[in-house]
1. Look at the range 159-215 and say how many of its residues are of a type outside the set (S, T, N, Q) and at positive phi.
2. Any idea which of (1) among the charged types (D, E, K, R); (2) crowded, with 16+ Cβ neighbours inside 10 Å; (3) without any contact (Cβ under 8 Å) to a residue 40 or more places away in the chain is the one residue 182 doesn't satisfy?
3. Of the numbered conditions (1) among the polar types (S, T, N, Q); (2) modelled with pLDDT of 90 or more; (3) in a loop (DSSP other than H, G, I, E, B), residue 145 satisfies every one except a single condition; which is it?
4. Quick check on this structure: which one of 117, 124 is assigned to a strand (DSSP E or B), in the same structural domain as residue 38 (by TED's automatic domain parsing) and more than 17 Å from the chain's Cα centre (by Cα)?
5. State all residues of the range 55-71 that are closer than 20 Å to residue 186 by Cβ and either of a type outside the set (Gly, Ala, Ser) or touching a residue at least 24 places away in the same chain (Cβ under 8 Å) (or both); if no residue qualifies, say none.
6. Could we say that residue 17 is over 19 Å from the mean Cα position of the chain (by Cα), in a helix (DSSP H, G or I) and either surrounded by fewer than 16 Cβ atoms within 10 Å (Cβ to Cβ) or assigned by TED's automatic domain parsing to the domain that holds residue 188 (or both) here?
7. Go through the residues of the range 56-73 one by one and say whether even a single one is of a type in the set (Lys, Arg), outside any loop (DSSP other than H, G, I, E, B), within 17 Å of residue 147 (Cα to Cα) and assigned by TED's automatic domain parsing to the domain that holds residue 116.
8. What's the number of the condition residue 191 fails, among (1) assigned by TED's automatic domain parsing to the domain that holds residue 19; (2) assigned to a helix (DSSP H, G or I)?
Amino acid sequence: MALRGNLRDFSLTQLLNLVSLAKKTGALTLEEGNGQATAYFREGMLVHLSLDGQASNLRNLLERVGKINEAQSRLLPREARSDKEWGLLLINTGLINRVDIIEAVRRHTLEMACRLFTWTEGSFLFEPNILPPDDKITVPLHLENVILEGSRRVGEWKRLEEELPDLGMALRFTTHPEIRLKRITLSPDEWRVVSSTDPGRSIQEIAQAHSLTDFQIRKIVYGMLSAGLVELVPRAKPKVSVAPPPEEEKIAPAPVRRGIILRLIDRIRRL
């Protein structure tokens, strides 16, 4: 039988504990506001997760986490492929190995699962014996670890919201940031934020440009602020270029044909 209810009465932590203890296999669909997520379980372990109706594309995921770069990605075929097909292609071309693919998928699944711990209202539906699509790469995660990490993220999320309540603010480099950059190691996402730092772009706009969640962008910006790389400033208004008023058009005299002039000269001579 399906299990249906509301997250106000039965929290995500309780749901995951139930799935884990009963070693359930099936799909758990959560809805909160405009958001929807579907988590798939096999024998009490989380194996796949899609958020807002979209599971991550393996190629895009590996590029985002820095496992393959843009130049390598451009050399790959452009036609659509399943995640398993992409995985085999990347392994056969020697761009990445199986362990790196599994680790990237595991981290991404855990990251999305942790986001769901901030959902405290909305409906849930657990349907038994439903598995993820066959073309997806599944990596089993112990739900005890998911619960521990999700609970920790909730506390961290609240702290980051207090430190950076307004994502409409912008970032500006402090004096000589290149000196500090030489001393620290940045992740691919952190480099993307650094390269997008501009007083004319809000933090929210940077996050949207690089497909970062509010939690991810807050964590990155908080680290950059703590390292003294940037400072918060109000978003600069874009300069509006005003076109100069058009000059008054001078009406040029209509050209006079040479034949008319000659006829006028002849009439004057005959007078």
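1. The number of residues fulfilling the criteria is 1.
2. Condition (2) is where residue 182 drops out.
3. Unmet for residue 145, out of (1) among the polar types (S, T, N, Q); (2) modelled with pLDDT of 90 or more; (3) in a loop (DSSP other than H, G, I, E, B): (3).
4. Step by step, each of 117, 124 is checked, and only 124 is assigned to a strand (DSSP E or B), in the same structural domain as residue 38 (by TED's automatic domain parsing) and more than 17 Å from the chain's Cα centre (by Cα).
5. 61, 62, 63, 64, 65, 66, 67, 68, 69, 70
6. yes
7. Checked against the condition, which is being of a type in the set (Lys, Arg), outside any loop (DSSP other than H, G, I, E, B), within 17 Å of residue 147 (Cα to Cα) and assigned by TED's automatic domain parsing to the domain that holds residue 116, the range 56-73 yields no hits at all.
8. (1)
The values are calculated or read from the model by the stated rules, or taken from the named source; none is laboratory data. Nothing here was measured: the structure is a model prediction, and the numbers come from that model. Methodologically, a virtual Cβ is constructed for each residue, glycine included, from the backbone with ideal geometry; neighbour enumeration extends over all protein chains shown.
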